[in-house]
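The values are calculated or read from the model by the stated rules, or taken from the named source; none is laboratory data. All values derive from a computational prediction rather than experimental measurement. Don't worry about glycine lacking a Cβ; one is built from the backbone with ideal geometry, like all the others, and counts go over all protein chains shown. Heavy atoms of the whole protein, side chains included, go into the accessibility calculation; ligands, DNA and RNA do not. Shrake-Rupley method; radii C 1.70, N 1.55, O 1.52, S 1.80 Å.
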Amino acid sequence: MRDVAVVSFAQAPSVRADQLRNEVEILMPVVAEALGRSGISKHEIGFTCSGSSDYLAGQPFSFVMALDAVGAWPPMAESHVEMDGAWALYEAWARLQHGDIDSALVYAFGKSSMGDIAELLTLQLDPYSVVPLWPDAVSVAALQARAMLDGGHHSERDMAAVAARSRRDAASNPNAQVRTPLDEAAALAEPCIVSPLREHDCPPVSDGAAAIVLAAGERARQACARPAWIRGIDHRIEPASLGARDLATSQSAALAARHAGALGGAFDVAEIHAPFTHQELILRDALGLGDRATAMNPSGGALVANPVMVAGLIRIGEAAQRIIDGRARRALAHATSGPCLQQNLVCVLEAD
Amino acid sequence: MTTADADPRQATPLTAPHMLEYEYTRSVGPVIGRFFGALQERRVVGVRTAGGRGLVPPQEYDPESGEPVGDFVDVASAGVVTTWAWVHAPRPKHPLQRPFAWALVQLDGADTAMLHAVDAGDESRMSTGMRVRIRWSAETHGDIHDIACFEPEDAR
């Protein structure tokens, strides 16, 4: 495998609703910042790949318009995934393995504020037997939370502890959106939205964008004093039907972790994409992070900033940034897609 | 030709209707179609995979192996709740407009569970492992709404 590294990362602060800027306007400074930090000009970038959803924008091919944030002239090599930007990064990493280019730009954007995100996410379910019943995203997540609690290994108190830690970490993250401290006992006394999920178990509605520059080999060393090398990356998916898999565990995350080489050795930091509190507990088990001395989601994670289609790429960026800054030597990043952790991507990042 | 038509400033603009829609219908196919056809007759059918797993609702391909599925199998209209979630404030699109449970229900004879609503009246009546049965709609049309919801089997 060719050595490929994250050499720069930038993100827009996550906000409840950016009513003054469209997606291009949110993206432009983010793309410029990521390229600027890498010192690689847009004309040198060998491949550009983005992640977003037309359903958020409410119009087909909305990603084409987002290219204005890059400036697609002269003609450039570009691709898009209708997925979280973490999967765009995977495509760019695979493209760099071809060996004929040395750098790639990855970006993601999403304005969840423009619609009812909980109902919009219903549309990713089975169109024949499930969507006509309109189970919203919180309801579907609650089915998984109940399955996990029934397993007996985790409690609602554990879930509240995840939320409280995420809020504490959010206080020192200027890009986080939900930064009010959480009193666990008081939070557990609150009524459920959809039992067993309370408000603190659910992610905020967020608008945001992020960009990462990847570079290979020597080009990475020129672009960054301490590149975050991608030592392993893999993604796996489970059946679409919620009733055909075990919701209390994450087989696909465990499989991706194994193939990415994430099940051995210690991590200084793990950035896990868990929009709901119970999902972090399920993922910690699947990724084997339960007993390891790893800083969990020091950014606060998706519970404090959840721009849909972006939050997974931010996990890779936050993990890589800690290596680039010298705060970590080895980091694990994870992204998820689909209902109830249907699809999972695991990325192992290391300093030299 | 009238004078008004001759003068472009007086001309009536041409108009044409434009409706944003997908101009096609889609068949649900031989497998899911069979499932909905049975629902219309107030029966539930699934499929058996090569490995012997009963999938309800049926799918055209085995999610484990990707192989085409085999024979159709009749399953019961009652089964067990494998997980559930209580909705305190239903949304306008939800199938019931009073507090209800979402549940994954594994029907007797099936190896997978289907998602639907349970009209249990109160959250305290819900538990994982409880038995529920289908409440059929008064009229059936060959879609998922032929099942109005599930209800606890011990309900009158």
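Below, the figures for the structure above:
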item: Residue in the stretch B:101-116 that is more than 16 Å from the chain's Cα centre (by Cα), at pLDDT below 95, among the charged types (D, E, K, R) and farther than 30 Å from A:GLU199 by Cβ present; result: no
item: Enumeration of residues in the stretch B:44-57 that are open to solvent by 20 Å² or more (accessible area, probe 1.4 Å), within 12 Å of chain A (Cβ to nearest Cβ) and over 18 Å from the mean Cα position of the chain (by Cα); result: B:ARG53
item: Candidates A:PRO204, A:PRO227, A:PRO239, filtered to the one that is out of contact with any strand residue (DSSP E or B) (no Cβ under 8 Å at 6 or more places or on another chain) and away from chain B (no Cβ under 14 Å); result: A:PRO204
item: Total residues in the stretch B:58-82, condition assigned to a loop (DSSP other than H, G, I, E, B), open to solvent by 20 Å² or more (accessible area, probe 1.4 Å) and at pLDDT 95 or above; result: 2
item: The stretch A:332-352, subset touching a helix residue (DSSP H, G or I) at 6+ places or on another chain (Cβ under 6 Å) and either within 20 Å of A:ALA223 (Cα to Cα) or among the basic types (Lys, Arg) (or both), residue surrounded by the most Cβ atoms within 10 Å (Cβ to Cβ); result: A:LEU349
item: Inter-residue pairs, beta-carbon under 6 Å, first over 15 Å from B:PRO58 (Cβ atoms) and in the stretch B:25-42, second outside any helix (DSSP H, G or I) and open to solvent by 90 Å² or more (accessible area, probe 1.4 Å), 6+ apart; result: none
item: Cβ-Cβ under 9 Å pairs, at least 6 apart or on other chains, the stretch A:133-153 side within 7 Å of another protein chain (Cβ to nearest Cβ), far side acidic (Asp, Glu); result: A:TRP134/A:GLU119; A:ASP136/A:ASP116; A:ASP136/A:GLU119; A:ALA142/A:ASP201; A:ALA147/A:ASP246
item: Among the residues listed as A:ARG284, A:ARG258, the single one being open to solvent by 10 Å² or more (accessible area, probe 1.4 Å), outside any loop (DSSP other than H, G, I, E, B) and within 22 Å of A:SER155 (Cα to Cα); result: A:ARG284
item: Members of the stretch A:199-208 found to be touching a residue at least 24 places away in the same chain (Cβ under 8 Å) and either open to solvent by 20 Å² or more (accessible area, probe 1.4 Å) or not hydroxyl-bearing (Ser, Thr, Tyr) (or both), listed by number; result: A:HIS200, A:ASP201, A:CYS202, A:PRO203, A:PRO204, A:VAL205, A:ASP207, A:GLY208
item: Inter-residue pairs, beta-carbon under 6 Å, first touching a residue at least 40 places away in the same chain (Cβ under 8 Å) and in the stretch A:102-129, second hydroxyl-bearing (Ser, Thr, Tyr) and open to solvent by 50 Å² or more (accessible area, probe 1.4 Å), 6+ apart; result: A:LEU120/A:TYR55
item: Looking only at the stretch A:182-198, and only at residues there that are assigned to a loop (DSSP other than H, G, I, E, B) and away from chain B (no Cβ under 14 Å), the one that is least open to solvent (accessible area, probe 1.4 Å); result: A:LEU182
item: Test for B:VAL132: is it open to solvent by less than 10 Å² (accessible area, probe 1.4 Å), touching a residue at least 12 places away in the same chain (Cβ under 8 Å), more than 7 Å from every other protein chain (Cβ to nearest Cβ) and closer than 21 Å to A:PRO196 by Cβ; result: yes
item: Restricting the stretch B:1-40 to residues that are open to solvent by less than 90 Å² (accessible area, probe 1.4 Å), β-branched (Val, Ile, Thr) and at pLDDT 80 or above, the residue that is farthest from A:ASP126 (Cα to Cα); result: B:VAL31
item: Top-ranked residue in the stretch B:83-105 [being more than 7 Å from chain A (Cβ to nearest Cβ) and crowded, with 19+ Cβ neighbours inside 10 Å; ranked as nearest to B:VAL45 (Cα to Cα)]; result: B:VAL105
item: Helices (runs of 4 or more DSSP H) (entirely within the stretch A:89-181) containing at least 2 residues that are touching a His at 6+ places or on another chain (Cβ under 9 Å); result: A:137-151, A:156-170
item: Residue selected from the stretch A:316-331 under the condition open to solvent by 10 Å² or more (accessible area, probe 1.4 Å) and not in a loop (DSSP other than H, G, I, E, B), by the criterion farthest from A:PRO13 (Cα to Cα); result: A:ARG330
item: Residue in the stretch B:110-118 that is in contact with a Phe, Trp or Tyr (Cβ under 6 Å, 6 or more places away or on another chain), more than 9 Å from chain A (Cβ to nearest Cβ) and aliphatic (A, V, I, L, M) present; result: yes
item: Qualifying position, being in a strand (DSSP E or B) and out of contact with any Gly (no Cβ under 7 Å at 6 or more places or on another chain), among A:LEU247, A:LEU214; result: A:LEU214
item: Any hit, the stretch A:157-178, residues being open to solvent by 60 Å² or more (accessible area, probe 1.4 Å) and either under 30 Å from A:ALA94 (Cα atoms) or within 14 Å of another protein chain (Cβ to nearest Cβ) (or both); result: no
item: Scope the stretch B:32-57; condition touching a helix residue (DSSP H, G or I) at 6+ places or on another chain (Cβ under 8 Å) and in a strand (DSSP E or B); matching residues; result: B:VAL44, B:VAL45, B:GLY46, B:VAL47, B:LEU55
item: Exclusive hit being closer than 27 Å to A:GLY232 by Cβ and hydrophobic (A, V, I, L, M, F, W, C), set A:VAL15, A:VAL30; result: A:VAL30
item: Residues of the stretch A:94-115 satisfying the condition of being open to solvent by less than 30 Å² (accessible area, probe 1.4 Å) and over 19 Å from A:GLY39 (Cα atoms); result: A:ALA108, A:PHE109, A:GLY110, A:LYS111, A:SER112
